[in-house]
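The block underneath contains the structure these notes are about, expressed in structure tokens.
The values are calculated or read from the model by the stated rules, or taken from the named source; none is laboratory data. All values reported here derive from a predicted model rather than from experimental measurement. Positions of Cβ are backbone-derived with ideal geometry, glycine not excepted, and every protein chain shown enters the neighbour counts. Calculation scope for accessible area: heavy atoms of the full protein, side chains included, ligands and nucleic acids excluded. Shrake-Rupley method; radii C 1.70, N 1.55, O 1.52, S 1.80 Å.
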Amino acid sequence: MAYKDLREFIDILEGKGLLTRVGAEVDPEWEINGVTCVATSNNGPAVLFEKVKGTTTTVLSELFGRSWRRVALAMNMDTEDPVTIRNEWMKRLEGPIAPKVVKTGPCKEHLLMGDKANLDGLFPKVRWHEQDGNYYFGTLGMQVTADSETGEQNVGCYRMMYQDGVTAKLMMQPFQGGAQHLRQWGRRYPGKPMPMAVVFGADPCYVLAGGSKFVQPPSEEAYAGALRQEALELVKCELSDLLVPASAEIVVEGEVMPDEWDHDGPFGEFTGFLSQEKSTCNVFRVTAITHRSNPIFHGEREGYPSEGGLIYVLGMEPIVYKKLQALEGVLDVHIPLSGVGFELIVSMRVSRKGQVRQLIQTVFGDQEVGGYIKHVVVVDEGIDIRDRDDVAWAIATHVQADRDLLIIPRCPQTSLDVSQTNLHWGTKLGIDATMPRFVYEAEGKTAPVRCNDPEIQKRVKAQWHKYGITLPG
Ligand SMILES: Cc1cc2nc3c(=O)[nH]c(=O)nc-3n(C[C@H](O)[C@H](O)[C@H](O)COP(=O)(O)O)c2cc1C
């Protein structure tokens, strides 16, 4: 059974000791930032701040944090294993479940229209990083827009910076669904504002779907339905035909002009750095706000480590896995959280010369993921790609730098990569850390074999009780 709403999920997490309520008053200028940062860095719980200076709204931070178990629970599974979660994620997404439109819902308990539609007071003024340009109230707000021809909706997660009670800066990268809708709207209705709704505190699977990329249509709502295995209930907005989750905590309705540009930032990014320069962004104007009684504001402290990074990997690894599975010899892929989406590790059964290089070039040449992934490490079957030590061992013992590195300069790379001084252009690195057996063969030699005796290990493990040895972990 899917959760009725975010509140039910919060109760589940609390019951399992995975969420802590903070009753003491906190200053959103610095304490929510600090507590969240320390909690997430130490694999701590989700935090519900019940008394926040300047607002009566409760603040939920790091719902998922870096916890695969909390992601699994959102999908009504109970595991900590990211591979089990990934495989189930992929399976469920094969069967999108269309949302159900209902007449009304808890998100309509309070309607703030006209002059009352103001962010001040209702929204906490959280400074997520000390040097942010202003209060980012939208770090996990989900933006809903519609295709102006087909009406098909898009849900994305784009940051929003507070400007005043009725205006915010909205940073959508040009390739995102919301930005595409805005360009399309501008061509169709030049000079007219496009409706947009921003959803805070929805079903956890709606949040996971909104922050992930999918083949569309159908919309993210149908994928969220697949992830929670039950249709989402949506209600119509007050001032537009956009549909939003009926159980959402807060819905901010507004408008965005297609031809109005501004700048936002600085902002602490998921790479762990403050954005170096101000980003071009759109301007969002509030027209109405609807919310539940005693609403919960849902936000997150972007940065490294952060739950934004976890949601990114959750959505991205299945995409890469699906693409690479089609290539000969690929057994598994892993995008480590600490690689912030820039690093990919591939397990491969190599059967011919050139196979590894072709795989690496395929990744870097891919339109969807090639602009993010900049380091690809390929290892042989038997190396645990989720164990950093195992991968480091493979690199240390298999790689000759003049033979096994593939370096491709000046490739498209996200500007979020601060290691590049020339924005948008980066150098790609492929590391072939598989055994160079074809080189050995060409020299008339046989490649070395490992001496870890897997068959003998299997035999002793089968009768481990006999030895009375307790192993850690
Ligand atoms: C926590 C979080 C914050 C994000 N912030 C932004 C952002 O500020 N701007 C942006 O363009 N994408 C941002 N993204 C990425 C998009 O939300 C993501 O690519 C999503 O798939 C876009 O959906 P769309 O393809 O439907 O537009 C963020 C993702 C997450 C999980």
### Message
Please determine whether any residue of the range 262-275 is over 23 Å from the mean Cα position of the chain (by Cα) and within 15 Å of residue 136 (Cβ to Cβ).
### Response
yes
### Query
Which condition does residue 416 not pass, out of (1) under 20 Å from residue 349 (Cβ atoms); (2) part of a loop (DSSP other than H, G, I, E, B), if it passes all the others?
(1)
### Query
If you go through the range 354-375, how many residues are open to solvent by 60 Å² or more (accessible area, probe 1.4 Å) and at pLDDT below 95?
2
### Query
Are there any pairs, at least 6 apart or on different chains, whose C-beta atoms fall under 7 Å, with the first in the range 50-64 and closer than 13 Å to residue 29 by Cβ and the second among the basic types (Lys, Arg), and if so, which?
54/125
### Query
When residues of the range 175-191 are filtered for being more than 11 Å from the ligand (Cβ to nearest atom), open to solvent by 60 Å² or more (accessible area, probe 1.4 Å) and in contact with an Asp or Glu (Cβ under 9 Å, 6 or more places away or on another chain), how many remain?
2
### Task
From the list 161, 172, 194, pick out the single residue that is farther than 27 Å from residue 316 by Cβ, aliphatic (A, V, I, L, M), open to solvent by less than 20 Å² (accessible area, probe 1.4 Å) and within 16 Å of the ligand (Cβ to nearest atom).
194
### Message
If I ask for residues that are open to solvent by 40 Å² or more (accessible area, probe 1.4 Å), in contact with a Phe, Trp or Tyr (Cβ under 8 Å, 6 or more places away or on another chain) and under 18 Å from residue 250 (Cβ atoms), which ones from the range 117-132 would you list?
### Response
125
### Message
Please go through the range 255-285 and give me each residue that is open to solvent by 30 Å² or more (accessible area, probe 1.4 Å) and at positive phi, ordered by number.
### Response
272
### Message
Being among the acidic types (Asp, Glu) and within 19 Å of residue 206 (Cα to Cα) is the requirement here; does residue 80 meet it?
### Response
no
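Out of 201, 210, report the one residue that is near the ligand (Cβ under 8 Å from one of its atoms), in the same structural domain as residue 283 (by TED's automatic domain parsing) and under 20 Å from residue 310 (Cβ atoms).
Selected residue: 210, the only one of 201, 210 that is near the ligand (Cβ under 8 Å from one of its atoms), in the same structural domain as residue 283 (by TED's automatic domain parsing) and under 20 Å from residue 310 (Cβ atoms).
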### Query
Just checking, which of 248, 226, 288, 222 is touching a residue at least 60 places away in the same chain (Cβ under 8 Å), away from the ligand (no atom under 16 Å from the Cβ) and not in a strand (DSSP E or B)?
248
### Task
Would you confirm whether any residue within the range 90-107 is open to solvent by less than 20 Å² (accessible area, probe 1.4 Å), under 30 Å from residue 225 (Cβ atoms) and within 24 Å of the chain's Cα centre (by Cα)?
no
### Task
Output the number of residues of the range 392-412 satisfying the condition of being out of contact with any strand residue (DSSP E or B) (no Cβ under 6 Å at 6 or more places or on another chain) and assigned to a helix (DSSP H, G or I).
7
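With the condition kept exactly as written, say whether any residue in the range 395-407 is in contact (Cβ under 8 Å) with a residue 40 or more places away in the chain and either within 18 Å of residue 336 (Cβ to Cβ) or not hydrophobic (A, V, I, L, M, F, W, C) (or both).
no
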#### Entry: Per-region count, the range 66-87, residues within 17 Å of the chain's Cα centre (by Cα) and within 21 Å of residue 306 (Cβ to Cβ)
13
### Query
If we scan the range 331-339, do we find a residue that is within 16 Å of the ligand (Cβ to nearest atom) and either at pLDDT below 95 or over 27 Å from residue 91 (Cβ atoms) (or both)?
no
### Query
Is it true that residue 20 is assigned by TED's automatic domain parsing to the domain that holds residue 292, within 23 Å of residue 248 (Cα to Cα) and not hydrophobic (A, V, I, L, M, F, W, C)?
yes
### Task
Please verify whether the range 69-87 includes one or more residues that are modelled with pLDDT of 95 or more, buried (at least 21 other Cβ atoms within 10 Å of the Cβ), assigned by TED's automatic domain parsing to the domain that holds residue 236 and not in a helix (DSSP H, G or I).
no
### Message
Considering only the range 306-320, I want to know if a residue exists there that is among the aliphatic types (A, V, I, L, M), open to solvent by 10 Å² or more (accessible area, probe 1.4 Å) and at pLDDT below 95.
### Response
no
### Query
Restricting attention to the range 132-144, which residues are near the ligand (Cβ under 9 Å from one of its atoms) and assigned to a strand (DSSP E or B)?
138, 142, 143
### Task
Please enumerate the residues belonging to the range 296-305 that are more than 9 Å from the ligand (Cβ to nearest atom) and open to solvent by less than 10 Å² (accessible area, probe 1.4 Å).
297, 298, 299, 303
